[in-house]
Amino acid sequence: MAFSLANSTLFSKPSIFLHRRSLAFCLHFSSISTALPSDKVHSPRKWRHPVAASLVELGGVKIAREEIVKDDPTNNVPDSIFSKLGMQLHRRGQHPLGILKNAIFDYFDTNYPNKFNKFDDLCPIVSVKVNFDDVLVPADHVSRSYNDTYYVDSQTVLRCHTSAHQAELLREGHTHFLVTGDVYRRDSIDSTHYPVFHQMEGVRVFTPADWEGSDTDATSYAAEDLKKCLEGLARHLFGGVEMRWIDTYFPFTNPSFELEIFFQEKWLEVLGCGVMEQEILKRSGRTDNVAWAFGLGLERLAMVLFDIPDIRLFWTTDERFTSQFSKGQLGVKFKPFSKYPPCYKDMSFWISDSFTENNLCEVVRGIAGDLVEEVKLIDNFTNKKGMTSHCYRIAYRSMERSLTDEEINDLQWKVREQVESKLKVVLR
Ligand code: FA5
Ligand code: MG
């Protein structure tokens, strides 16, 4: 199940919380950043099992694989995730995410000249405190669980949202800022969810002078300004597009909203936002102020903007994809290269109490990498003895080539083996 920071309770608690020294190397802001070259390997083997580098450079700091991927119960970061650290797709001017980021910057630069400070290389390895506590995420919130978040150790996570930087930047005195970065979540597998994606956070602080002239209260003033700003951004990016506001809940904003855009015959959630909880402002020494904040899902917006049908495509180095985009070109529509056939494999098993869909997806991704297109629950029943059976359908499909039966059977056998041994389920 995809978690959203809108959810409010913890369904599965992590079993062990050892207290260990947390990583200090990256918990400050970085200023230099080097995007690692993505591997240009096209052979099926490499595509399926990306070989993780042993070192990544984040903000000028070199971090060894052993610091991030550990055989330790307080760590749940797999190699496939480590290999994405430092890629910084949002900093590549020719990449759809970089093009989109720059278009959003243009909007803010035009409408609020010299107002918004921009940060796009803050380190994604952050403390539990800044990722959750500082933005008032309750102790029992589902997003804190090991099922939903990648923990480096019990006090350190791969940020699950760019909101992790809100409080720190406010404390440093920033009142208008945009933070772009890669974020990490254990999540379900389908065309709009990926365990690494990119967000842009926006925050604007108002002082009493801003709203006192209007005939509304501070909160309504900020909420109205927020919606106006984001609707303007949507018009800037899309021209005309069908969209709607949904009321929702976030621990860090009140009121809170989500914006949805109609895409591929469905409503697609592209951002969360709201009026910042007063407590966050108070703790940063801004008792008399109000603020709005938003968090955009860059892949989701880019999918609509460029007509990109599958979120995995953002990570491909296939030139048939990358050559279709160029710096500053917003209006381009992606032309799919030939679509290769999917192959479906069903798998039924009796679940155990500790079974979760995110754990299943992690196992499947670990084996099939980006060859897995979707993992979907298609049947679910409980028998008279109280045993629950799940049937999942796994869709395998490469975006770059046809897969052979042998290759898929091989993957599926490995999945079955690991699902049984790692997830403690009984295959039927
Ligand atoms: C948040 O992450 C909040 N921090 C957003 C926010 C910021 C709200 C500031 C209020 C104030 P949420 O979990 O809904 O909210 O994610 C925000 C956006 O990220 C979603 O709307 C969606 O566009 C994108 N997103 C979420 N999960 C995924 C995923 N697995 N893959 C791709 N995009 C995703
Ligand atoms: Mg959401």
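Rg/Rh for the stretch 294-366 (Cα atoms only, Rh after Kirkwood) is 1.10.
Once you've got the Cα coordinates, tell me which of K84/K282; K84/K115; K115/K282 are over 27 Å apart. Write down the numbers at each step before the final one.
Numbers: K84/K282 36 Å; K84/K115 32 Å; K115/K282 22 Å.
Over 27 Å Cα-Cα: K84/K282; K84/K115.
Below 8 Å, C-alpha to C-alpha, sequence gap of six or more: please give me the relative contact order for the stretch 307-416 in percent.
Working: 124 pairs, mean separation 32.6, N = 110.
It comes to 30 percent, rounded to a whole number.
The overall shape of the stretch 284-406, judged from the alpha-carbon gyration tensor, is oblate: a/c is not under 1.5, and a/b is no greater than b/c.
With the alpha-carbon atoms of the chain aligned to their principal axes, the span from lowest to highest coordinate is 69, 47, 46 Å, starting with the largest. Overall shape: oblate for the stretch 146-250, with the ratio a/c of the largest to smallest alpha carbon gyration tensor axis at 1.5 or above and b/c at least equal to a/b.
Dipole size of the stretch 263-391 about its Cα centre, with +1 on Lys/Arg Cβ and -1 on Asp/Glu Cβ: approximately 140 debye, rounded to the nearest 20. Our summary of shape: the Cα atoms of the stretch 350-402 have principal axis extents of 46, 18, 11 Å, ordered from largest down, in whole angstrom.
Please tell me the relative contact order of the chain in percent, rounded to the nearest whole number, where contacts are Cα pairs under 8 Å and at least six residues apart.
On the way: 808 pairs, mean separation 68.8, N = 428.
About 16 percent, as a whole number.
Give, rounded to the nearest 20 debye, the magnitude of the charge dipole that the chain has about its Cα centre when Lys and Arg contribute +1 at Cβ and Asp and Glu contribute -1 at Cβ.
Numbers: 51 positive and 58 negative charges, 207 e Å.
Computed charge dipole of the chain: roughly 1000 debye.
The mean of 1/r over all pairs of different alpha-carbon atoms in the stretch 169-209, once inverted, gives a Kirkwood hydrodynamic radius of 12.6 Å. Projecting the Cα atoms of G369, N383, N358 onto the charge dipole of the stretch 336-409, computed from C-beta unit charges around the Cα centre, puts N383 farthest toward the positive end.
Jot down the per residue volume, in cubic angstrom and as a whole number, of the convex hull over the alpha-carbon atoms of the stretch 229-270. Walk me through the numbers on the way to the answer.
On the way: hull volume 3.2 nm³, N = 42.
It is 77 Å³ per residue.
The distance separating the Cα centre of the stretch 117-131 from that of the stretch 214-267 comes to 24 Å. Relative to the dominant Cα principal axis of the chain, helix 405-423 is inclined by about 70°. Ranking S127, A209, A164 by Cα position along the charge dipole of the stretch 120-227, where only Lys, Arg, Asp and Glu carry charges on their C-beta atoms, puts S127 farthest toward the positive end.
Taking the stretch 202-328 as the region of interest, what is the percent of Cα-Cα pairs per 10 angstrom bin, listed from the shortest bin to the one with the maximum distance? Binned Cα distances yield the sequence 12, 36, 28, 17, 7, 1. Here the scattering of the stretch 96-206 is modelled by Debye summation over its C-alpha atoms, one equal scatterer each and no solvent; at q = 0.14 Å⁻¹ the log10 of I(q)/I(0) is -0.61. Rounded to the nearest 10 degrees, the angle from helix 96-111 to the longest Cα principal axis of the chain is 10 degrees. Site pair K385 and T322 shows an inter-label distance of 5.4 nm when each label is modelled 7 Å from Cα along Cα→Cβ.
Laboratory data are not the source of any read-out in this text; all were calculated from the coordinates shown. Not measured: the values here are computed from a predicted model. A quick note on method: Cβ atoms are made from the backbone with ideal geometry, for glycine too, and the neighbour counts reach across all protein chains shown.
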